[in-house]
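Notes follow once the structure below has been shown.
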Amino acid sequence: MSPLAIFFFFFFNLSLASNTIYNVQNYGAKSNGKTDSSKAFLSAWGSACASTSASTIYVPRGIYLIRKAYFNGQTCKRNAITIRIDGTLLAPSDYNVIGNDGNWITFENVSRVSIYGGIFDGQGASLWTCKNSKKTCPEGTTALAFYNSNNIVMNGVTVQNSQMFHILVDGCNNAKLQGVNVLAPGNSPNTDGIHVQSSSGVSIMNSNIGTGDDCISIGPGNSNLWIEGIACGPGHGISIGSLGWESKEQGVQNVTVKTVTFTGTQNGVRVKTWARPSSGFVRHVLFQHIVMSNVQNPIIIDQNYCPNHESCPHQGSGVKISDVTYQDIHGTSATEVAVKLDCSKTNPCSGITLDNVNLSYKNGRAEASCVNAAGRASGFKELTSCL
């Protein structure tokens, strides 16, 4: 064996030796899908959190019923905790059990937590049925939430059938989501795939997302977001917003969305703000290398956003939108107006760039509509420009 090979052999084994593994079954977790294993998971977390060496929490194959779990890293002695999941985590099927709890599984104040593999199943179908029947129902929970955390990794994770949002990233820095699958039917209400707010340095890459709401939604206070290699559909597209509900609100800036395919979605790339005064803003955004397949609103800025058209403010949106570029976007629109820029009457959009945007409607030329928007357009073939 060469000296280099000997070095790597000992280095690898030393790494294994310094990484303590905590198997949730050793703490009483049952993989029958019926016994509540919440306490076992929390006990395994407590041991990993108290360890002074790098730790791995291991979830073997099987189905584990989790009523609710809250993982707080504030008192952890060592930050690096890996959670490796070969099984399925199952929420209660009765939506009343956790329907008003806000979140099903929560991580807060953690750093360098990495989750690899596994399925998180929110079992939200019965709540969706309740909501769609217009009955009085709980609001529903988010399946997997991260608050005030740093250096988070999610790789190869599937989150499905959440009562509401599937994944929430709130107040975090440097979160990397890669190879994530988010799955829910197109008629499941308010089931956003990944919602990010008040965060910086978040990347979402090489993921498949299909839900009943936004595939990815970007709330106030975000900066330096990178979204790439996404397949979106069904759903409402990738949205910045809604923004501007609060009069004093943080803005959104430095967002890149590239190499995305939208299939049969309600929207493609969207910015939505309420028509009321606000200190918020959207600036330095790039939408690039995007394919639309039968999308109802491929490109849309809606600064008169008001879902269900109830109690609409009907004022001018205070959210200033500037320096937004749409580049190399092509495919098919399900409606004649493929580009709709409906900007604020009191704070018009500026610096809008449409570059090589070619969208067709029924094998013919699609239309564009621009209100209170200024910028430039070039490289059009199948689309009539409005700038």
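The values are calculated or read from the model by the stated rules, or taken from the named source; none is laboratory data. Because the structure is a prediction, the values reported are computed rather than measured. Glycine gets a Cβ as well: all are built from the backbone with ideal geometry, and neighbour counts include every protein chain shown. Please note that ligands, DNA and RNA were not included when accessible areas were found on the heavy atoms of the full protein model with its side chains. Shrake-Rupley method; radii C 1.70, N 1.55, O 1.52, S 1.80 Å.
Matching residues to (1) without any contact (Cβ under 8 Å) to a residue 40 or more places away in the chain; (2) over 22 Å from P298 (Cβ atoms); (3) hydroxyl-bearing (S, T, Y):
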residue	(1), (2), (3)
G186	no, no, no
P189	no, yes, no
I194	yes, no, no
S199	yes, yes, yes
V202	yes, yes, no
S207	yes, no, yes
G210	yes, no, no
N222	yes, yes, no
N308: surrounded by fewer than 16 Cβ atoms within 10 Å (Cβ to Cβ), within 26 Å of the chain's Cα centre (by Cα) and free of Cβ contacts under 8 Å to residues at least 12 places away in the same chain, yes or no?
yes
Taking the range 37-93 and keeping only residues that are touching a strand residue (DSSP E or B) at 6+ places or on another chain (Cβ under 9 Å), closer than 21 Å to F165 by Cα and open to solvent by 40 Å² or more (accessible area, probe 1.4 Å), one is left with R67, K68, Y70, N72
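Okay, residues lined up against (1) at pLDDT 95 or above; (2) out of contact with any Gly (no Cβ under 7 Å at 6 or more places or on another chain); (3) of a type outside the set (D, E, K, R):
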residue	(1), (2), (3)
C306	no, yes, yes
D328	yes, yes, no
A334	yes, yes, yes
V337	yes, yes, yes
K340	yes, yes, no
S344	yes, no, yes
The condition from (1) outside any loop (DSSP other than H, G, I, E, B); (2) over 24 Å from R376 (Cβ atoms); (3) open to solvent by less than 40 Å² (accessible area, probe 1.4 Å) that G318 misses is numbered (1)
Here the residues within the range 246-257 that are surrounded by 16 or more Cβ atoms within 10 Å (Cβ to Cβ) and not in a strand (DSSP E or B) are E249, Q250, G251
Mind checking whether some residue in the range 221-234 is over 20 Å from the mean Cα position of the chain (by Cα) and farther than 22 Å from G186 by Cα? no
Based on what the data block shows, is G351 at pLDDT 95 or above, out of contact with any strand residue (DSSP E or B) (no Cβ under 8 Å at 6 or more places or on another chain) and either part of a strand (DSSP E or B) or not polar (S, T, N, Q) (or both)? no
Of G33, G28, the only residue that is open to solvent by less than 30 Å² (accessible area, probe 1.4 Å), over 24 Å from the mean Cα position of the chain (by Cα), at positive phi and of a type outside the set (D, E, K, R) is G33
Among the residues of the range 280-318, the number that are of a type in the set (K, R) and farther than 24 Å from S198 by Cα is 0
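In the range 149-188, what count of residues is obtained for those that are assigned to a loop (DSSP other than H, G, I, E, B) and surrounded by fewer than 17 Cβ atoms within 10 Å (Cβ to Cβ)?
Start the filter on the range 149-188 by keeping residues that are assigned to a loop (DSSP other than H, G, I, E, B), which leaves 149, 156-157, 161-166, 171-172, 179-180, 184-188.
Those still in the list that are surrounded by fewer than 17 Cβ atoms within 10 Å (Cβ to Cβ) too: 156, 171, 179, 185-187.
Number satisfying all stated conditions: 6.
Conditions (1) under 18 Å from C232 (Cβ atoms); (2) at pLDDT 95 or above; (3) not basic (K, R), marked per residue:
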{"position": "T265", "(1), (2), (3)": "yes, yes, yes"}
{"position": "V271", "(1), (2), (3)": "yes, yes, yes"}
{"position": "K362", "(1), (2), (3)": "no, no, no"}
{"position": "F380", "(1), (2), (3)": "no, no, yes"}
Per the list (1) assigned to a loop (DSSP other than H, G, I, E, B); (2) open to solvent by 50 Å² or more (accessible area, probe 1.4 Å); (3) touching a strand residue (DSSP E or B) at 6+ places or on another chain (Cβ under 6 Å), residue check on C386 breaks on (2)
So, V339, is that one touching a residue at least 12 places away in the same chain (Cβ under 8 Å), within 19 Å of N267 (Cα to Cα), surrounded by 16 or more Cβ atoms within 10 Å (Cβ to Cβ) and under 28 Å from the mean Cα position of the chain (by Cα) or not? yes
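Is it true that D355 is over 19 Å from K272 (Cα atoms) and of a type in the set (D, E)?
On the way: over 19 Å from K272 (Cα atoms): yes; of a type in the set (D, E): yes.
Yes, satisfied.
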